[in-house]
Every structure is written in structure tokens, then in C-alpha cells.
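Trainee: Got a structure for you, written out below as C-alpha cells; questions coming shortly.
Computed from the coordinates by the stated procedures, all read-outs in this text should not be read as laboratory data. Here the structure is a predicted model, which means the values were calculated and not measured. Quick reminder, even Gly has a Cβ in these numbers, built from the backbone with ideal geometry, and neighbours come from all protein chains shown.
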Amino acid sequence: MKKIGWLFAVVACLGVCVPRVSCAAEMAPVLMIGDSMMRLLGIALEKELKAANVQPATSFSSLGSGLARMDAFDWFAKVQSLMAEHKPATVIVTLGANDRQTLKDAAGRVVPFGTPEWEAEYSLRIGRIMDEIDKGGAARVIWLLLPDMKEPVHQEYAQLVNAIAKKEATVDARKDKFVLFDMAPLLSRKPGTFSMYMMAPNGSALTVRDVDGVHVTSVGAQRVAQAIVKTFWK
């Protein structure tokens, strides 16, 4: 019986995947990268992946960074070095929370936020980050969409960034490797609105969002991490 079970597992991972046991379930090592939104998410994901026996799993976050101010932190170079160091099969990414600001294009021209030129330049940067991860050898990339934000201006911005990420992830060269994960339903009581609290099964209130109206708390990060692992590894 042990030999039969072993053969069944081999066949499954060679291409005949059974329900809820996809070949992607073995995609490790796992690398989690991102801006300040990844700080608590990375910690929670490392814990949940370890509990699911998906190892090794490593996270990297850079507070206050993003794709708008590449002069302050070069995400392109960092992704290249992280991919070379960890050689992940799966990469989980969250970027964009800090990028509602003016940027400079490749020619050094100032591009104000809110203009079509900003959206075009930012789309190029999202696409380039995706391509750098792809070139680094990842077999699967899970791109986390930004959750609902408290302030209307931040909510509108998050929706813009999510739309850009969706567009870039679904181009022909990337659509077979990139998958989008929407964490908003896990952090909001009403679709499309910000919620500071969620209800636990016992009826108690869980604080899932930070007082800044942007980031998640450790409790919110745990909810998201558990859902990601359940979706992609269980």
C-alpha cells in the first residue's frame, strides 16, 4: 500500500493532478517581497507556510519604498538580487501602497500623479518588475491587490494601481504565470468599503486594519496569509 501511495503522488505531480492537490501545491521555495504592506504579511505568511510544510519561505519588505521613487530604493535591482539568492519557485508580491506621488520618467522628466503620463509610466514599472521576477526563474507569481482604503483619495488610488496590475498581469507573455489575489474581501464587511474591524466566529471584533487606514494589522495579515496558503497550497 505504501508503494502504491508513493506512485500515486508521483503521478499527480507529473501532471495528473487530483482535486485540491494541484501540482502547484509543491511550488517551493517561496519568496515574499513588497513594500510596507508586506511587513506583517510576510511574517504571517512565513508562519502559515511553515505550518503547511511549505519550506523554505523567506520574506523581504522595504518600508516606505515603492516604484515611484526608484532613486530612494531600486526595486528592480533588489528583485534581481533576491531572485538570484533564493531561487524561488513561487513569489508573492505586494507593491504600490506608497506610490501616490510624483515620479520621474526614464528621461528624467517630472511626471505629476493623476496624469495619463503618470499612469503610463507606472504601468511600465509594474510590467518591468513582473518581468524581472519572471526572468529570475519563478514558476508562479501571486500578485496581491491592494485592499480597500479609508480615505477616498487613497481608495481611488488603490483602485487605479489594482487596475494597472490586472492589465499587466494578463498580457500574453505573463498570463500563464501570474495570478492575482484580492485580499479586500478578507478585510471588509461590505464590498468596496474600508472596515477597521471584522467579526470573529465567536462574535468578537477583530481589528484587521491599521489606524492609518492603509496597512493591515497582525490579525488582518494572519487572515490574508491563511487564505493565501489555503488557496494555493492546500
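Trainee: By how many degrees, between 0 and 90 and to the nearest 10, does the Cα long axis of helix 116-135 differ from the longest principal axis of the chain?
Mentor: It is inclined by approximately 30 degrees.
Trainee: Here is a further query. For the Cα atoms of the chain, what angle does the longest principal axis make with the long axis of helix 75-86, in degrees from 0 to 90, nearest 10?
Mentor: 20 degrees
Trainee: In addition: Going by how many other beta carbons lie within 10 Å of each one, how would you line up Val153, Val208, Val179, fewest first? Please list the in-between numbers first.
Mentor: Working: Val153 10, Val208 23, Val179 14.
Ascending number of Cβ neighbours within 10 Å: Val153, Val179, Val208.
Trainee: Using the structure shown, select from Lys47/Lys166; Lys50/Lys150; Lys150/Lys177; Lys50/Lys230; Lys50/Lys135 the pairs with a Cα to Cα distance greater than 23 angstrom.
Mentor: Cα-Cα > 23 Å for Lys47/Lys166; Lys50/Lys150; Lys150/Lys177; Lys50/Lys135; rest within.
Trainee: Separate question: Computed FRET efficiency, Cβ-Cβ of Val153 and Lys47, R0 30 Å: what is it to the nearest 0.05?
Mentor: Rounded to the nearest 0.05, the efficiency is 0.35.
Trainee: List the equivalent ellipsoid semi-axes of region 124-234 in whole Å, largest first, each obtained as the square root of 5λ for an eigenvalue λ of the Cα gyration tensor. Mind dumping the intermediate values first?
Mentor: Details: eigenvalues 153, 61, 21 Å².
Computed over region 124-234, the values are 28, 17, 10 Å.
Trainee: Moving on. For the chain, what is the charge dipole size about the Cα centre, in debye to the nearest 20, if Lys and Arg each add +1 at the Cβ and Asp and Glu each add -1 at the Cβ?
Mentor: My answer is approximately 940 debye.
Trainee: Any idea what the relative contact order of the chain is, in percent, if you count C-alpha pairs under 8 Å spaced at least 6 apart? Present the calculation step by step, with values, prior to reporting the outcome.
Mentor: Working: 387 pairs, mean separation 47.7, N = 234.
Computed over the chain, the figure is 20 percent.
Trainee: Related question: Please state the equivalent ellipsoid semi-axes for region 27-232: what are the square roots of 5 times the Cα gyration tensor eigenvalues, largest first, in whole Å?
Mentor: Square roots of five times the eigenvalues give 26, 22, 14 Å.
Trainee: Using the beta-carbon distance between Asp172 and Val110 and R0 = 30 Å, what value does 1/(1 + (r/R0)^6) give for FRET efficiency, to the nearest 0.05?
Mentor: 0.40
Trainee: Working only with C-alpha atoms, what are the Rg and Dmax values of region 171-219, expressed in angstrom?
Mentor: 14.6, 46
Trainee: Just want the ordering: Lys47, Lys87, from fewest to most Cβ atoms lying within 10 Å of their own Cβ.
Mentor: So the ranking, lowest neighbour count to highest, is Lys87, Lys47.
Trainee: Follow-up question, since we're still on this one. Ranking Ile126, Ile43 by Cβ neighbours within 10 Å, fewest first, what do you get?
Mentor: Values: Ile126 21, Ile43 17.
Final ranking by Cβ density, sparse to dense: Ile43, Ile126.
Trainee: While we're here: According to the square roots a ≥ b ≥ c of the eigenvalues of the Cα gyration tensor, what is the shape class of region 120-164, taking rounded for a/c under 1.5, prolate for a/b larger than b/c otherwise, and oblate for the remainder?
Mentor: The shape class here is oblate.
Trainee: Here is a further query. Indicate the gyration tensor shape class of region 76-166 (rounded, prolate or oblate), computed on the Cα atoms with a ≥ b ≥ c the square roots of the eigenvalues: a/c under 1.5 is rounded; otherwise a/b larger than b/c is prolate and the rest oblate.
Mentor: Oblate is the answer for region 76-166, as a/c is 1.5 or above yet b/c matches or exceeds a/b.
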